[in-house]
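Remarks on the structure that follows.
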């Protein structure tokens, strides 16, 4: 049986790449495909697979400005042509699910989200402060075309797996397809309490993408005056650094051990965006730290709020805990975040590191691996 794995692009180790790493361990015999690969940007487990790339790899500035090639990504993924494979596992938040296959092949898609740039988060990428960019002038004409392609491409998938109930709803809304939820993995062995004592700063770990809403956090902490450390880089870096006051420190991307140490020593983790899932709040909880999050999206499935102030929306897969693990704010505004931080200060002593750690263990890498392994084994059997 010939097996292929396809991932949108390999330019850094974020949440999707941590899932891909598990896929590569489970299927070392598979061939790995991607649109663009920046050598050395992902883990040794993934690099060892020797990724096959599309023609985008050879276009000008593609490794740095790959998002500008979004309009031709559907063409690039179809040119990869995986029609010689019997089982395809796509790891997709953009176009990977649209790969071509033979009619008898099984295509399993682990979907991080329907393509956010053209659906529900279009305005965050091309509206508002971005309204004068060239892309914002062109995209209104391209979006209808990309949406039609995206829906057609979804029909090439035999079985969808969603990273959260939140994404499951969106897959149903945009593709009219059902999906099984398998939560992404959290390395709770690595992210475990180190004995370091919390200090007085708040922390964010994030790519600097518009929908992450780092701007909201920067403005809120400018007004609060509290220390905020931000680990990450991305397209909004210059804008955010210009906006930030002296109490806000940008650390760039750091090695995992340094990130772990910052989790251990932070007062609380700040998570102001509407995420599809969000691994970083769980990494913070695995270190025993509380989370202050916008009460929408994946955070509702990973953070346990004080039930007296917030009614849970989902049945979170958790064991009984000794208390809440975070605070939600209902309005995605500077005022909303400031109020949440102030409320956190008033109840800070209620948060127990053991409760946060216990909640994170429900999303451990071993659980994810077992669930994915069961699905792959089933479809291998059905293909035989």
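The values are calculated or read from the model by the stated rules, or taken from the named source; none is laboratory data. The model shown is predicted, which means the values in this text are computed figures rather than measured ones. Every residue, glycine as well, gets a Cβ built from its backbone with ideal geometry; the counts of neighbours run over all protein chains shown.
Okay, residues lined up against (1) over 19 Å from the mean Cα position of the chain (by Cα); (2) within 27 Å of residue 366 (Cα to Cα); (3) modelled with pLDDT of 95 or more; (4) not assigned by TED's automatic domain parsing to the domain that holds residue 273:
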position: 169; (1), (2), (3), (4): no, yes, yes, yes
position: 196; (1), (2), (3), (4): yes, yes, no, yes
position: 218; (1), (2), (3), (4): yes, no, yes, no
position: 234; (1), (2), (3), (4): no, no, no, no
position: 238; (1), (2), (3), (4): yes, no, no, no
position: 241; (1), (2), (3), (4): yes, no, yes, no
position: 245; (1), (2), (3), (4): yes, no, yes, no
position: 250; (1), (2), (3), (4): yes, no, yes, no
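A count restricted to the stretch 61-79 and to residues that are over 23 Å from the mean Cα position of the chain (by Cα) and either within 19 Å of residue 20 (Cα to Cα) or at pLDDT below 95 (or both) stands at 1. Specify the residue that is farthest from residue 1 (Cα to Cα); the eligible residues are those in the stretch 344-358 that are touching a strand residue (DSSP E or B) at 6+ places or on another chain (Cβ under 9 Å) and part of a helix (DSSP H, G or I). Filtering the stretch 344-358 for residues that are touching a strand residue (DSSP E or B) at 6+ places or on another chain (Cβ under 9 Å) and part of a helix (DSSP H, G or I), the one farthest from residue 1 (Cα to Cα) comes out as 347.
Note on the stretch 327-343: residues that are surrounded by fewer than 15 Cβ atoms within 10 Å (Cβ to Cβ) and part of a helix (DSSP H, G or I) amount to 2. Taking the stretch 37-64 as the range and being part of a loop (DSSP other than H, G, I, E, B) and closer than 9 Å to residue 11 by Cα as the test, the residues that pass are 38, 39, 40, 41, 42, 63, 64. Search the stretch 76-103 for residues being touching a helix residue (DSSP H, G or I) at 6+ places or on another chain (Cβ under 9 Å) and without any contact (Cβ under 8 Å) to a residue 40 or more places away in the chain, and hand back the single one that is surrounded by the fewest Cβ atoms within 10 Å (Cβ to Cβ). It comes out as 79. Considering the conditions (1) in a loop (DSSP other than H, G, I, E, B); (2) more than 18 Å from residue 379 (Cβ to Cβ); (3) modelled with pLDDT under 95, residue 82 is excluded by exactly one of them, (2).
Residue 223: surrounded by fewer than 16 Cβ atoms within 10 Å (Cβ to Cβ) and in contact (Cβ under 8 Å) with a residue 40 or more places away in the chain, yes or no? Answer is yes for this residue. In the set 161, 183, only one residue is outside any helix (DSSP H, G or I), modelled with pLDDT of 95 or more and in contact with a strand residue (DSSP E or B) (Cβ under 7 Å, 6 or more places away or on another chain); that residue is 161.
Would a scan of the stretch 322-341 turn up a residue that is within 19 Å of residue 112 (Cα to Cα), modelled with pLDDT of 95 or more and in contact with a strand residue (DSSP E or B) (Cβ under 7 Å, 6 or more places away or on another chain)? No, the stretch 322-341 has no match at all. Of all the criteria given as (1) over 20 Å from residue 212 (Cβ atoms); (2) at pLDDT 95 or above; (3) touching a helix residue (DSSP H, G or I) at 6+ places or on another chain (Cβ under 8 Å), the one not satisfied by residue 306 is (2).
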